[in-house]
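I have placed the structure first, in the form of structure tokens, so that the comments after it can refer back to it.
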Amino acid sequence: MNQLILMHMADGLISIPIGIVFFIISAIFLVLSLKKIYQRHDESQIPMMAVMGAFIFAGQMINFTIPATGSSGHIGGGILLCLILGQYPAFLSLCCVLIIQCLFFGDGGLLALGCNMFNMGVLPCFVAYPLIVKPLLKNHLNKKRMIAASLAGVVVGLELGAFFVVIETIVSQVTTLGFVPFLSLMLPIHLAIALVEGLLTGAIVLYVYQQSPRMIDCALSKQSDHQFYFKKLVLIFAFVTIFLGGGLSLYASQYPDGLEWSLEGLLGQSDIENDDETKKAIEQVQETTSILPDYHFRHNDHPFGTSTAGIVGGAFTLILVGTIGYCVTKKDKHE
């Protein structure tokens, strides 16, 4: 299986100990998020959590070209989810996206899943959001502040993610990449990607705020509001998700993503072979679970495979997020 490397790390970049350490760290934050959702007990938020998870899955399939670089990028979605859902539901939803991508589409390595959850989830949701975004929006919400906070949060979150990709790779010592050369490519290209994502995030958050100011207020304050659920927003995001995953994904940029572009610039190739027998066994497990590897039919590159992957992946994510949210809040309700 030829793994897409994207911002999602592949197993070839990291050692087994690093993969295990970051899986444990990410699991701790996931348990914390589940506990906080349990305590909040806001059943009305579950439909929005589920549809936003599906939306981010579809959105990550749309690579946009970074002009004059020969590279492309896609949204991470962490700051967007935090601003709409709050940091704990956001992290849960994003983890579900990454799990679905890894297990069913071979996007990102199974050993590297913890690293991907940390880089794309923990850093934006638990560092950039509380330390950058919330202080900027603490006293007053308006258009300029929301755009500025979205840009700043995405830039910090994505740059931290790119930095930790370099750290995880160098510490693993499974490649010949040097710290400074790798970092000098990763940070600038992901800054360009972050600026685009930041503007997109700001635009989407402004739209949600116009439709439901209370939703953004609750996300920022961590308060519960049992009138949180708005059918109109759920339906709109569901429609957009189908459009992105089932249609627009066919027109995604064919240029390599930021991480892949950086690897090609340093090594002349983007694929890092797994020589370790344990890694090969882990990769074999992932090949077995991948129903649409690389978002295509297994033995057919027909474009319909990409559309199918977008719709199926969005549906899987919606079901997984919704089921987990329902089970957590239902347990609390019965007690």
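For GLY108, nonlocal amide neighbours, meaning residues 5 or more places apart or on other chains whose placed amide H falls under 5 Å from its own, are LEU4. Restricting to Cα pairs below 8 Å that are 6+ residues apart, what does the relative contact order work out to for the chain? Please round to a whole percent. About 34 percent, as a whole number. Among 47-56, 292-301, the peptide with the highest mean count of other Cβ atoms within 10 Å heads the list, and the full ranking is 47-56, 292-301.
Work out which helices of the chain, taken as complete DSSP H runs, extend at least 30 Å along their axis over the Cα atoms and score a mean Kyte-Doolittle of -0.5 or more, then list them. Could the numbers behind the result be given before it?
Working: long enough: 16-40 (36 Å, 1.63); 143-172 (43 Å, 1.40); 179-211 (45 Å, 1.57); 304-334 (44 Å, 0.61).
Span-like helices here: 16-40, 143-172, 179-211, 304-334.
Peptides 84-91, 205-212, 141-148: what's the order by average Cβ count within 10 Å, highest mean first? List each step's numbers first, then the result.
Working: 84-91: 26.6, 205-212: 17.0, 141-148: 14.4.
Put in order of decreasing packing, that is 84-91, 205-212, 141-148.
What number in nm² do you get for the stretch 11-334 if you take the convex hull of its Cα atoms and divide its surface by four? Hull-based average projected area comes out at 15.8 nm².
Helix content alone sets the calculated 222 nm mean residue ellipticity of the chain: runs of n ≥ 4 DSSP H residues at -39500 (n - 2.57) each, divided across all residues, give -21500 deg cm²/dmol.
Looking only at Cα atoms, what is the convex hull volume of the stretch 241-325 per residue, in Å³? Normalising the Cα hull of the stretch 241-325 by residue number yields 147 Å³. Coupling constants for the stretch 116-130 follow from the phi torsions by the Karplus curve (6.51 cos²θ - 1.76 cosθ + 1.60, θ = phi - 60°), and in residue order they are 5, 5, 6, 5, 9, x, 4, 5, x, 7, 10, 10, 5, 5, x Hz; glycine and proline get x. Beyond 25 Å, the tail of the calculated P(r) for the stretch 7-111 holds 28 percent of the Cα pairs. For ILE66, the amide hydrogen comes within under 5 Å of the amide hydrogens of SER71, SER72, GLY73, counting only partners 5 or more places away or on other chains and with H modelled in the peptide plane.
Here, each number is a calculation from the coordinates, and none is a lab measurement. Computed from a predicted model, the values in this text were never measured in an experiment. We place every Cβ from the backbone using ideal geometry, glycine too, and count neighbours over all the protein chains shown.
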